[in-house]
1. Could you please find all residues in the range 35-65 being open to solvent by 30 Å² or more (accessible area, probe 1.4 Å) and either β-branched (Val, Ile, Thr) or at pLDDT 90 or above (or both)?
2. Being under 12 Å from residue 247 (Cα atoms) and part of a loop (DSSP other than H, G, I, E, B) is the filter here; which residues of the range 160-176 pass it?
3. For the condition more than 18 Å from residue 265 (Cα to Cα) and assigned to a helix (DSSP H, G or I), what is the one hit in 207, 180?
4. So for the range 241-254 (the condition being over 20 Å from residue 299 (Cβ atoms) and either surrounded by fewer than 18 Cβ atoms within 10 Å (Cβ to Cβ) or of a type in the set (Gly, Ala, Ser) (or both)), does at least one residue qualify?
5. Being open to solvent by 20 Å² or more (accessible area, probe 1.4 Å) and among the hydrophobic types (A, V, I, L, M, F, W, C): is that true of residue 342 here?
6. Name the residue, out of 223, 229, 211, that is closer than 30 Å to residue 145 by Cα, at pLDDT 90 or above and of a type in the set (A, V, I, L, M, F, W, C).
7. Take the residues of the range 143-159 that are in a helix (DSSP H, G or I) and touching a Leu at 6+ places or on another chain (Cβ under 7 Å): which is surrounded by the most Cβ atoms within 10 Å (Cβ to Cβ)?
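The values are calculated or read from the model by the stated rules, or taken from the named source; none is laboratory data. All values reported here derive from a predicted model rather than from experimental measurement. Virtual Cβ from ideal backbone geometry, glycine too; neighbours counted across all protein chains shown. Only protein heavy atoms, including side chains, enter the accessible area calculation; ligands, DNA and RNA are left aside. Shrake-Rupley method; radii C 1.70, N 1.55, O 1.52, S 1.80 Å.
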Amino acid sequence: MATQETQELDSIISSRRALLLGGSALAALAMTPKMAKAANTVSTYTDADILNFALNLEYLEANFYYMAAFGTTIDKPTAASAALGGPTATIALNGVATNGNPTAGITATVGTATNVPFVNPTVKAYAIETAIEEGKHVNLLRSALGAAAVAQPPIDVSPLGAFTTLANAATIPSALNFNPYANDLYFLLGAFIFEDVGVTAYHGAAPLITASANLSAAASILAVEAYHAGLIRTTIGLLDPNNTSSAITATQLIANLRAKLSLQANTAVTVADDYGLAGPGISTVKKTLDGGGSVTVTQIVDADTNVIAFGRNTNQVLNIVTGGGALTAGATAKGVFFPSGLNGLFS
């Protein structure tokens with residue numbers, strides 16, 4: 001089920017890697033610190049540092065989707081994932097390590113996570129395709145970076161670990177028993193947590209990338225992530241159009257938490273930079289139709305009132321994925337999905 005977008009991403013690898021391995025890039029990489037520093041203390045960085053930050057986020061997304069779709073993490077491809085277009089060999093995870101994290105093997109904490117017992121065939125198809133695409137993003141970035149690619153840090157995608165922590169922080173009612181591996185709707189809510197963050201991260205990083213080939217590749221990945229985010233929002237609205245299962249409420253609570261964490265990591269932000277399906281750009285209200293009847297309208301695009309997509313800097317993204325861990329200057333941001341922090345300069 002690989003799409004044209006993922007095939008086009010594959011074709012970028014050779015040119016992008018060649019550019020990264022050019023003389024100027026090698027000189028810049030030679031000056032890259034061996035140990036990571038908190039993002040809010042970083043003043044000098046290279047394209048490779050930015051791409052490695054993106055690689056950390058792709059590690060996280062790929063593990064979540066692989067677990068949901070196939071019941072395995074990305075270091076254990078199955079016959080099913082290979083037959084559906086995923087890598088046929090183990091996704092290599094050995095590479096440069098920082099923060100004392102392992103240089104080989106996967107260290108994801110999966111707890112009781114398992115593949116989702118999908119009922120809706122469209123949602124299942126979406127989960128499988130996205131898992132394969134995120135796995136390809138990991139391979140793409142690692143191939144482009146070569147020996148400069150950071151190893152995967154410890155990642156927690158367990159329902160009783162990271163997701164419970166986040167659900168509690170977002171004040172999602174405990175009665176909902178939120179577990180992204182429990183059913184179709186909760187899987188979509190779990191995906192909702194990640195995809196909008198990925199879009200804002202790539203958007204925020206774009207102005208920092210200097211090489212045109214790297215910018216083109218990042219923009220291509222951003223487009224795919226935006227496809228994912230829009231599909232998630234649309235499908236949640238379709239499965240729970242009247243908020244009967246409180247899914248629309250949950251998206252707003254998650255968005256509120258992301259906005260709060262983003263604000264804390266950047267005092268220059270004075271307004272919300274995130275919306276759930278409840279608005280306020282297009283609030284969840286009954287709209288009376290000209291021909292009679294009404295329709296519930298939700299916010300499909302996570303953007304401002306001018307429909308300009310939000311962008312976040314590294315501190316803001318770090319604070320979201322670590323649950324507030326990026327507030328101390330000079331300290332590694334860690335927690336929630338990255339219990340030991342991210343690998344690379346921006347951490």
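1. The answer is 41, 44.
2. First pass over the range 160-176, keeping only residues under 12 Å from residue 247 (Cα atoms): 172-173, 176.
Answer for the range 160-176, where residues must be under 12 Å from residue 247 (Cα atoms) and part of a loop (DSSP other than H, G, I, E, B): 172, 173.
3. Step by step, each of 207, 180 is checked, and only 207 is more than 18 Å from residue 265 (Cα to Cα) and assigned to a helix (DSSP H, G or I).
4. No, that holds for no residue.
5. Spelling it out, it is not the case that residue 342 is open to solvent by 20 Å² or more (accessible area, probe 1.4 Å) and among the hydrophobic types (A, V, I, L, M, F, W, C).
6. Numbers: 223 fails: at pLDDT 90 or above; 211 fails: at pLDDT 90 or above.
It is 229.
7. Looking only at the range 143-159, we keep the residues that are in a helix (DSSP H, G or I), and these are 143-148.
Of the ones still in play, those that are also touching a Leu at 6+ places or on another chain (Cβ under 7 Å) are 144-146, 148.
Details: 144: 26, 145: 22, 146: 13, 148: 22.
Out of the qualifying residues, it is 144.
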